[in-house]
1. Can you spot a residue in the range 214-237 that is β-branched (Val, Ile, Thr), more than 17 Å from Arg137 (Cα to Cα) and surrounded by fewer than 20 Cβ atoms within 10 Å (Cβ to Cβ)?
2. Residues of the range 238-255 being buried (at least 18 other Cβ atoms within 10 Å of the Cβ) and within 19 Å of the chain's Cα centre (by Cα), which ones?
3. Filter the range 263-288 down to residues that are surrounded by fewer than 17 Cβ atoms within 10 Å (Cβ to Cβ) and either under 30 Å from Glu185 (Cβ atoms) or not aliphatic (A, V, I, L, M) (or both), then give me how many there are.
4. Please indicate, with yes or no, whether at least one residue in the range 5-14 is modelled with pLDDT of 95 or more, over 28 Å from Asp352 (Cα atoms) and not assigned by TED's automatic domain parsing to the domain that holds Ile136.
5. So Tyr161 clears everything in (1) part of a loop (DSSP other than H, G, I, E, B); (2) closer than 30 Å to Phe211 by Cα; (3) of a type outside the set (A, V, I, L, M, F, W, C) except one condition, right? Which one?
6. Please work out if Asn335 is outside the structural domain of Gly92 (by TED's automatic domain parsing) and in contact (Cβ under 8 Å) with a residue 60 or more places away in the chain.
7. If you take the residues in the range 32-44 that are in contact (Cβ under 8 Å) with a residue 40 or more places away in the chain and within 10 Å of the ligand (Cβ to nearest atom), which one is farthest from the chain's Cα centre (by Cα)?
8. In the range 71-121, which residues are in a helix (DSSP H, G or I) and either touching a residue at least 60 places away in the same chain (Cβ under 8 Å) or crowded, with 18+ Cβ neighbours inside 10 Å (or both)?
Amino acid sequence: MNSRRAFVIAIVTLAAAFLQNSAALSQSVPPAPTFYRDVQPILQKRCQSCHRPGEMAFALTTYEEAASHARAIRESVVTKKMPPWLADRNYGHFANDPSLSPDEIKTVSNWVDRGAKEGNPHNTAAPLRQTEGWNIRTPDTVLEMPKAVPLPARGDIDYTYEIVPTRFSEDRWVQMAELRPSSREHVHHAVVYIRPPDSKWLRNVPPGVPFTHGDLTHAQWTDSDILIIYAPGSSPEVWEPGKAKFIPAGSDLVIQMHYMAMGHAASDRTSVGLVFAKQPPAQRVLTLQLTNDHFVIPSQDSDYRVEARGSLPNDATLLSFFPHMHWRGKRFEYNLIHTDGRIEPLLKVRWDFEWQLTYVLATPRPLKAGTVLQAVAWYDNSRNNPHNPDPTQEVRWGEQTYDEMMVGFFDVAVAADIDKWKYFLRGGTSGAPAH
Ligand code: HEC
C-alpha cells in the first residue's frame, strides 16, 4: 500500500517536472536576429543592387549604415515599398520579382524591434561579388558616347541622340547589357537602338556628335531593334543562356536620351556595357511594342483608358514586359485575347513613374502566329493625382513628361536567324500591327 502510494507520487512528480520543462521550452524566446548572421544576407540579395556606393540610393552595405536607417528599413519592408515591385501578385509569375518572403520580412522587422544588434562580425556573409560601377558582370566591352552632351540648367530638352560606332569586325551576341549615364539625375529615360550597317536610318548625321530632332531636315522613323531601355529604377538586361540580342558586325548604337534640366548646367556622357554570349544562342531576342499615339485624355478625367492591340505575325516566345507612360499614368496591363474572346491577364501593374521596371516571365510563353496581345493603360488627369503637372489640360502623345505616352514594350525570342524585318514579313507583306 505504502509502496504503491510512493509510486503514484513519483509519477506525479515526474509528470510535473516534465510539464515544467516543456513550459520553459515554449517560453524560451529565440535569440534576437543579428546583422551579420540574419540581415546582411537579405540586404545583399535584395537591396544592394541599388543601395551601395556609386548606385542610385544611399548605401546599406555596412552594419553602421543599416543600423542608422533601421526604422526606415523596417517600415520600407513591412509596407513592401522596398524593394520596388509594382506587379499585382494575382497575375503571372516573374523571374525578377525581388519581393522579400514573409520570413525575410519578419527577420528584418524582428531585428529592428529587438535592438538592431550587430552580432559577430565573424558571421559575416561573404561580400557579394559585385562589379564596381556595374550591375552586370565586368563588361567585355564598354561603348561610351564619344562626345559629352551639354545640359542646360532650365527648360525642356529635346530628345538628344548620339550615334556610337561599335567598330565590331564580327557579329556579336549580347547576353547582358547595361546603360550607365555619367549624370544619372538628369536622365529621364534612354533607348539604345542597334543600327545595322545596311540601315539607312540617320545616315546623314555624323557619328559621335550629339543632335536633336530639331537638327534633322526631316523626321526619321526606324525599324531598328532596341538593345536596352533605361528608365528610373530599371535594371540591366540579362537574357538567359541560349537567348541573346544580336549586333551585326559594323553596327552602330544609336542612343536616344531624354534629359531633364535640374536647375544647374551639367553634361552627360553615357556608356553602354556589354557582356557577350559564350557561344551563338539558339534564339534571338527582339523588342517589340504595342503603342497607341492617337489618344486625347480629357482634362479632369481620373480614369481614362487607352488600349493598343496587335497580332503576332509569326510564332514567338514571350519573355518580358516593359510598360511606359508619364506622370499621369495610373495602371497598365498586358492581356492575351483568346480566339473565343476570353481575356487572359498576363501582367497588371500599378504605375509609378519613379519605378519603371521590366517584368520577366518566370516561364517564357510560346505563342503562335496570330496570337492577339493587348496593352491597356489608364491615366489620372484629375487634380487628385499628386504628380499631375496640369489637370486643366487635355493631354496627347508627346515627348515631354507633361505630354503622355502609351507604350507596352515586350521582348520575344525567335529563331536566331530572324531579324525584326523578317519577323514582320508575312506572306510577302510587312504590314504589322505590333511593331
Ligand atoms: C531598384 C533599386 C532599389 C532596391 C532593389 C531597393 N531600393 Fe531602397 N531605395 C531606392 C531608391 C532610389 C530610394 C530613394 C533614395 C533616396 O531618396 O536617396 C530608396 C529608398 C529607400 C529607403 C528610404 C525610405 C523610403 O521609404 O523612401 C529605405 C529605408 C530603403 N530604400 C530600403 C531598402 C531596402 C531595405 C531594400 C531591400 C529589401 C531596398 N531598399 C531595395 C532604390 C532601391
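The values are calculated or read from the model by the stated rules, or taken from the named source; none is laboratory data. For clarity, every value in this text was computed on a predicted model and none was experimentally measured. Neighbour counts are summed over all protein chains in view; Cβ atoms, including those assigned to glycine, are modelled from backbone coordinates with ideal geometry.
1. Yes, the range 214-237 contains at least one residue that is β-branched (Val, Ile, Thr), more than 17 Å from Arg137 (Cα to Cα) and surrounded by fewer than 20 Cβ atoms within 10 Å (Cβ to Cβ).
2. Passing the criteria: Trp239, Lys243, Ala244, Lys245, Ile255.
3. 9
4. No, the range 5-14 contains no residue that is modelled with pLDDT of 95 or more, over 28 Å from Asp352 (Cα atoms) and not assigned by TED's automatic domain parsing to the domain that holds Ile136.
5. (1)
6. For Asn335, the condition - outside the structural domain of Gly92 (by TED's automatic domain parsing) and in contact (Cβ under 8 Å) with a residue 60 or more places away in the chain - is not met.
7. Looking at the filtered set, the residue picked out is Val39.
8. Selection gives Ile73, Arg74, Val77, Glu104, Thr107, Val108, Asn110, Trp111, Val112, Pro121.
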